Amino acid sequence: MSATADANATATRKPSPSDRLLRRACYLALVALALMVWSMLDPRPIPVVLAMSLAQLLGTLSFAMFLIVVVRDLRVRRSLSRE
């Protein structure tokens, strides 16, 4: 198979649940980062409170989702290595 055929097959495949979860984790992390940067550029009380509460929650949730993907991947690799 040629390189372009491989690229087309990869581009049209459906993302796995881990891929989707990882993308959502990245989006949440970017939103949290934007809230934190906003609080640094505009140090009024509302942006700072949002950064300390909502951004912290979103960042923690993003990290937890990332850890779920890592644990799933390690389990799959371990089961494949036993075979």
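The values are calculated or read from the model by the stated rules, or taken from the named source; none is laboratory data. Just so you know, these numbers come straight off a predicted model, no measurement behind them. Because the Cβ atoms are built from the backbone with ideal geometry, glycine has one as well, and the counts that use them run over all protein chains shown.
I need every pair where a residue in region 30-50 that is surrounded by 10 or more Cβ atoms within 10 Å (Cβ to Cβ) and of a type in the set (F, W, Y) has its Cβ under 8 Å from the Cβ of a residue that is at pLDDT 95 or above and part of a helix (DSSP H, G or I), sequence separation at least 6 or different chains.
That search, which allows pairs on different chains as well, returns nothing.
Looking only at region 54-83, which residues are more than 23 Å from S39 (Cα to Cα) and of a type in the set (A, V, I, L, M, F, W, C)? Give the derivation first.
Our first condition is that a residue be more than 23 Å from S39 (Cα to Cα); within region 54-83, this holds for 64-83.
A64, M65, F66, L67, I68, V69, V70, V71, L74, V76, L80 - these are the residues of region 54-83 that are more than 23 Å from S39 (Cα to Cα) and of a type in the set (A, V, I, L, M, F, W, C).
Condition check: in a helix (DSSP H, G or I), out of contact with any strand residue (DSSP E or B) (no Cβ under 6 Å at 6 or more places or on another chain) and modelled with pLDDT of 95 or more. Does R20 satisfy that? Lay out the reasoning, then the answer.
Values: in a helix (DSSP H, G or I): yes; out of contact with any strand residue (DSSP E or B) (no Cβ under 6 Å at 6 or more places or on another chain): yes; modelled with pLDDT of 95 or more: yes.
Yes.
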